[in-house]
Amino acid sequence: MASPATTTSTWGILAEFDSAAEIFHACEKVRDAGFANWDAHTPFPVHGLDDAMGLKASKLPWVVLVVGLSGTITGTALQYWVHNYAYKLVISGKPFFAWPAYVPVIFEMSILFSAFATIFSIMGFCRLPRWNHPIFGSTRFEKASDDKFFISIESADPKFEATRTAEFLKGIGAKHVELVEEEA
């Protein structure tokens, strides 16, 4: 029995560059050309590359702050409820709202909520889990963790047109341009 034929669709284009300076200037040109769904892949951090790409500040710190503060409020409310309603005991003449005794629990709840917010927000922002990315099918992309620099432009980008985008990337200095396919 024959296996069903797998169909492929174009995921995007992968362009290879030789140096950090080349990819830095190429990112500025891709940004200025108005592409929206694209990324740069480097073997090490390149200073200022996020500015060259036109990336906005991350929303992650604000998410962690808000959820961490909700952990603070939850920890305070939990202890207030326990000491004032559930187990209303006067111990050593302490008041019911003895906030110094609440500090360890409030701190731990803030850290717990912040840690969960960080983990789940990063997974959401990075669209994880994704078990296999189409770009990993490129044999040239293996050099991204060694000594080569890459720009990938997704076909979902409004300005993407395979031949024009490939010509544009060659025009800004790409040493090799490859069409990346994904199984549909």
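No value in this document is a laboratory result; all are computed from the given coordinates. A quick note: this is a predicted structure, and the numbers were derived from the prediction, not measured. Note: ideal-geometry Cβ built from the backbone for every residue, glycine included; neighbour counts use all protein chains shown.
Its Cα gyration tensor gives the range 109-184 an equivalent ellipsoid, and the semi-axes of that ellipsoid, as √(5λ) in whole Å with the largest first, are 33, 15, 13.
Summed over qualifying helices (DSSP H, 4 residues or more, each -39500 (n - 2.57)) and divided by its residue number, the chain shows a 222 nm mean residue ellipticity of -14000 deg cm²/dmol. Name the most mobile residue of ALA77, ALA33, ALA20, meaning the one with the largest mean-square fluctuation, in a Gaussian network model of the chain with Cα contacts below 10 Å. Comparing ALA77, ALA33, ALA20 in the GNM, the peak value goes to ALA77.
Just so you know, the Cα atoms of the range 53-129 work out to an Rg and Dmax of 17.4, 62 Å. Between TYR87 and ALA57, the FRET efficiency from the beta-carbon distance, with R0 = 45 Å, is close to 0.50. Projecting the Cα positions of ALA20, PRO104, ILE135 onto the charge dipole of the chain (unit charges on Cβ atoms of Lys, Arg, Asp and Glu, taken about the Cα centre) puts PRO104 furthest along the positive direction. Across all Cα atoms of the chain, the radius of gyration (one decimal) and Dmax (whole number) stand at 25.4, 82 Å.
Screening the chain for whole DSSP H helices with an alpha carbon extent of at least 18 angstrom along the helix axis and a mean Kyte-Doolittle hydropathy of at least 0.0 yields 60-81, 99-125.
Could you tell me the convex hull volume per residue, in Å³, taken over the Cα atoms of the range 1-90?
On the way: hull volume 25.3 nm³, N = 90.
Considering the Cα atoms of the range 1-90, their hull volume per residue is 282 Å³.
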